[in-house]
1. For the chain, modelled as a GNM with alpha-carbon contacts under 10 angstrom, which of 77, 63, 120 fluctuates the most?
2. Can you pull the percent of Cα pairs in the chain with separation above 29 Å?
3. What are the semi-axes of the equivalent ellipsoid of segment 37-107, taken as the square roots of 5 times the eigenvalues of the Cα gyration tensor, listed largest first and rounded to whole Å?
4. Would you calculate the separation in nanometres between label points at residue 55 and residue 113, each defined as 7 Å from the Cα along the Cα-to-beta-carbon direction?
5. If DNA, RNA and ligands are ignored and the probe is 1.4 Å, what is the ranking of 82, 64, 74 by accessible area, most exposed first?
6. What trypsin sites (Lys or Arg not before Pro) in segment 6-82 are in a loop by DSSP, with at most 16 other Cβ atoms within 10 Å of the Cβ?
7. Using 0.36 nm per residue of separation minus the Cα-Cα distance, give me the extension gain between residue 6 and residue 100 in nm, one decimal.
8. In deg cm²/dmol and to the nearest 500, what is the mean residue ellipticity at 222 nm of the chain if only DSSP H runs of at least 4 residues count, each as -39500 (n - 2.57), divided by the residue total?
Amino acid sequence: MEPTRDYPLFGGAFSATLPPGAIDVSDLRPVPDNQEVFCHRVTDQSLIVELLELQAHVQGEEAVRYHFEDVGGVQEARVVQVEAVQPLLLENLALRGCCQEAWILSGKQQVAKYVTLYQALLRLPQYQTDLLLTFNQPPPENRSSLGPENLSLPPWSLGDFEQLVTSLTLHDPNIFGPQ
């Protein structure tokens, strides 16, 4: 199995530890400039890192709920259901020096099929930015081609997502423009 690896994001302004089997979707199709998107080599799982405008009108856990519902609206989800919201300990984050608050949410959305989503929201008010990280986890029966030839690359776990979130590191604050 290939090891996890630190990967440059947004032209090297950030980096994070990606799980094994991560493919940069921008090598396959266009991705918006404010997103980094990765898919699993074998399953239908994906990881998204987004730089979004700070939504100062919502605070605390309502902020992560706001972004979860916004994603559901953009995807025209028929069902948007929050299952749990918990704060993330800032001392566990590589971004702890500039992150004012952090939350993790788990929920389900139904677009064409039900997908379990895990989202982490890292709020960087000094940069007027909400960093939203999303782990899309389709149901096991919808995962593609998990035949014996692909058993060497297991599906990603919530632990892989947590490693992405906690390892996210800012290298160049100029990505946010003049401060």
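The values are calculated or read from the model by the stated rules, or taken from the named source; none is laboratory data. Since this is a predicted model, take the numbers as computed values, not measurements. Note that each Cβ is placed from the backbone with ideal geometry, even for glycine, and that neighbours are counted across all protein chains shown. Please note that ligands, DNA and RNA were not included when accessible areas were found on the heavy atoms of the full protein model with its side chains. Shrake-Rupley method; radii C 1.70, N 1.55, O 1.52, S 1.80 Å.
1. 77
2. 18 percent
3. Computed over segment 37-107, the values are 22, 18, 12 Å.
4. Label at residue 55, label at residue 113, 2.7 nm between them.
5. Descending accessible area places them as 74, 82, 64.
6. 41, 78
7. So the extension gain works out to 31.5 nm.
8. Taking each H run of at least 4 residues, the total per residue is -4000 deg cm²/dmol.
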